[in-house]
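Presented below is the structure to which this report refers.
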Amino acid sequence: MDTTLSVAVIGAGMAGTTHANAWRQVGTVFDLGLPKVRLAAIADAYEPFAVDAAERYGYEKAVTDWRDIADDPSIDMVSIVVGNALHREIAEAMIRAGKHVLCEKPLADTLENAKAMAEAEAAHPEVVTSTGFTYRRNAAVAEIKKLVDTGHLGEVNHINARYWCDYGCDPSTPMAWRYAGPMGSGALGDVGSHLIDTAETICGRLVSVSGGAMVTAIKERPVAKGHVTRGTALDTSDAETAPVTNDDVASFTGVFDNGAVGTFSASRIAWGMPNAMMIDVHGSRGRASWDLSRTGEIMVDDACAPAGLSGPRRVLVNPTFPYFERGSSMAFGGVGCTQIEQFTYQAYAFLQQVAGVSEADSLPRCATFADGYREMLIANAVAESAANGGAAVDVSRFNK
């Protein structure tokens, strides 16, 4: 296309700069024919972050007020990558301004706000709105989904999913938005949201959850005097403390509509594990596993092996995997792909939707605000289970 669409990123922290990079790279992957992207602006309330990100990633300007983005008629698309308590206000303003919105997960800070965002999405079909569940775009995860969908693993009976991080392991890590909110909005709402969406992407929808258990191991954290990023602060000396009100660790089991059982655990205090996500899928004729720390491969064990030679084998991500062949400049086994590419592939899929490319000719559609609301409903059901001694909670009502 000869047209150009402009994009702004609101939030210049770790995830914000990853979005900024994705929009910068989006024209280099897959196929030509989509609109060119103009890198218009980076917004962050902390000006040094905004300026740094704009300069490093080639955006035209840096601003400190997201309202400047809403009021700029030249901006067509927006990535929202700030604390989730701000998502609703910003997203609704952008939608009213006619801008297409890609919003990071978790969708909002409360179910009420997430529902309002899903309703705004439904009321404005003229704009594209999406929740950032990037693991849908991981080549290895998508290949495991393909093994399930084609029946290669037989009838799936169990999926084990865990996401363990250590960003909250140090008690001196300062208070931030991630540590405030009800149970279910902590480790489960942050990294656990990826587990829920990824497991449903592979195995279909959950119909019930049970065995919910949550713990807040670090009861209070220092309140920093300076600007807080994910794990650090500019000044925490002689700081007062504030109570942590949500979960450091969460675990639960679930049942899918195909009868498979899922076991899940999420942690933000897993010592020595900076970003460890792992998925195991077990079926009647095989199993497949993926580990984020070895993202360029999957492990497969199936009924195809000759007698006496069965066992897990390593399969390198290669051009037969989804997204990889045109998504890498070196598309052959052994090169691998990282978590960063997922954001670029997501941006490309979002751009396709904005440009009106039909689903049959494109990557699968991005997760919607409704999907983000559903994930939060499931997380809330897990918290309900935990509050009631692990009792089962029906979530099939969310499948409509």
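Within region 266-280, being of a type outside the set (Lys, Arg) and either over 17 Å from Ala187 (Cβ atoms) or crowded, with 20+ Cβ neighbours inside 10 Å (or both) holds for Ala266, Ser267, Ile269, Ala270, Met277, Ile279, Asp280.
Suppose the filter is of a type outside the set (S, T, N, Q), at positive phi and within 19 Å of the chain's Cα centre (by Cα); does Gly98 pass it?
Numbers: of a type outside the set (S, T, N, Q): yes; at positive phi: yes; within 19 Å of the chain's Cα centre (by Cα): no.
When the stated conditions are applied, Gly98 does not pass them.
Among the residues of region 335-356, are any buried (at least 18 other Cβ atoms within 10 Å of the Cβ), of a type outside the set (D, E, K, R), part of a loop (DSSP other than H, G, I, E, B) and touching a helix residue (DSSP H, G or I) at 6+ places or on another chain (Cβ under 8 Å)? So far as region 335-356 goes, yes, one or more of its residues are buried (at least 18 other Cβ atoms within 10 Å of the Cβ), of a type outside the set (D, E, K, R), part of a loop (DSSP other than H, G, I, E, B) and touching a helix residue (DSSP H, G or I) at 6+ places or on another chain (Cβ under 8 Å). Arg162 meets the conditions (1) over 26 Å from Thr344 (Cβ atoms); (2) surrounded by fewer than 23 Cβ atoms within 10 Å (Cβ to Cβ) in every case but one. The failed one is (1). Take the residues of region 175-221 that are farther than 18 Å from Leu86 by Cα, of a type in the set (A, V, I, L, M) and in a loop (DSSP other than H, G, I, E, B): which is least open to solvent (accessible area, probe 1.4 Å)? Of everything passing the filter in region 175-221, Ile218 is least open to solvent (accessible area, probe 1.4 Å).
Quick check, is Val357 of a type outside the set (Asp, Glu) and modelled with pLDDT of 90 or more?
Details: of a type outside the set (Asp, Glu): yes; modelled with pLDDT of 90 or more: no.
So Val357 fails the test.
Quick one: in region 222-235, which of the residues that are part of a loop (DSSP other than H, G, I, E, B) and either out of contact with any Gly (no Cβ under 8 Å at 6 or more places or on another chain) or among the small types (Gly, Ala, Ser) (or both) is modelled with the highest pLDDT?
Initial filter on region 222-235 (part of a loop (DSSP other than H, G, I, E, B)): 223-227, 229-232, 234-235.
Okay, now just the ones that are also either out of contact with any Gly (no Cβ under 8 Å at 6 or more places or on another chain) or among the small types (Gly, Ala, Ser) (or both), so 223-227, 231-232.
On the way: Val223: 91, Ala224: 82, Lys225: 74, Gly226: 64, His227: 62, Gly231: 52, Thr232: 54.
Across region 222-235, the extreme among qualifying residues is Val223.
The residues in region 50-77 that are open to solvent by 50 Å² or more (accessible area, probe 1.4 Å) and touching a residue at least 40 places away in the same chain (Cβ under 8 Å) can be counted, and the count is 2.
Could you tell me whether region 318-329 includes any residue that is surrounded by fewer than 19 Cβ atoms within 10 Å (Cβ to Cβ) and not in a loop (DSSP other than H, G, I, E, B)? No: region 318-329 contains no residue that is surrounded by fewer than 19 Cβ atoms within 10 Å (Cβ to Cβ) and not in a loop (DSSP other than H, G, I, E, B). Taking the numbered list (1) more than 15 Å from Trp177 (Cβ to Cβ); (2) under 15 Å from the mean Cα position of the chain (by Cα); (3) not aliphatic (A, V, I, L, M) in turn, Asn84 passes all entries but (1).
If you go through region 193-209 and keep only what is over 13 Å from Val141 (Cα atoms) and among the hydrophobic types (A, V, I, L, M, F, W, C), you end up with Ile196, Leu206, Val207, Val209. Restricting attention to region 179-201, the residues that are within 15 Å of the chain's Cα centre (by Cα) and of a type outside the set (S, T, N, Q) total 13.
Among the residues making up region 143-163, those that are part of a strand (DSSP E or B) and either out of contact with any helix residue (DSSP H, G or I) (no Cβ under 8 Å at 6 or more places or on another chain) or more than 30 Å from Val223 (Cα to Cα) (or both) are Val156, Asn157, His158, Ile159, Asn160, Ala161.
Based on this model, can you work out whether Ala118 counts as of a type in the set (Gly, Ala, Ser), assigned to a helix (DSSP H, G or I), open to solvent by 40 Å² or more (accessible area, probe 1.4 Å) and not assigned by the TED database to the domain that holds Met273?
On the way: of a type in the set (Gly, Ala, Ser): yes; assigned to a helix (DSSP H, G or I): yes; open to solvent by 40 Å² or more (accessible area, probe 1.4 Å): no; not assigned by the TED database to the domain that holds Met273: yes.
Considered against the rule, which asks whether it is of a type in the set (Gly, Ala, Ser), assigned to a helix (DSSP H, G or I), open to solvent by 40 Å² or more (accessible area, probe 1.4 Å) and not assigned by the TED database to the domain that holds Met273, Ala118 comes out as no.
The values are calculated or read from the model by the stated rules, or taken from the named source; none is laboratory data. Owing to the predicted nature of the structure, the values given are computational and were not obtained by experimental measurement. Reconstructed Cβ throughout: ideal geometry from the backbone, glycine too, with neighbour counts over all protein chains shown. The accessibility values were calculated without ligands, DNA or RNA, using every heavy atom of the protein model including side chains. Shrake-Rupley method; radii C 1.70, N 1.55, O 1.52, S 1.80 Å.
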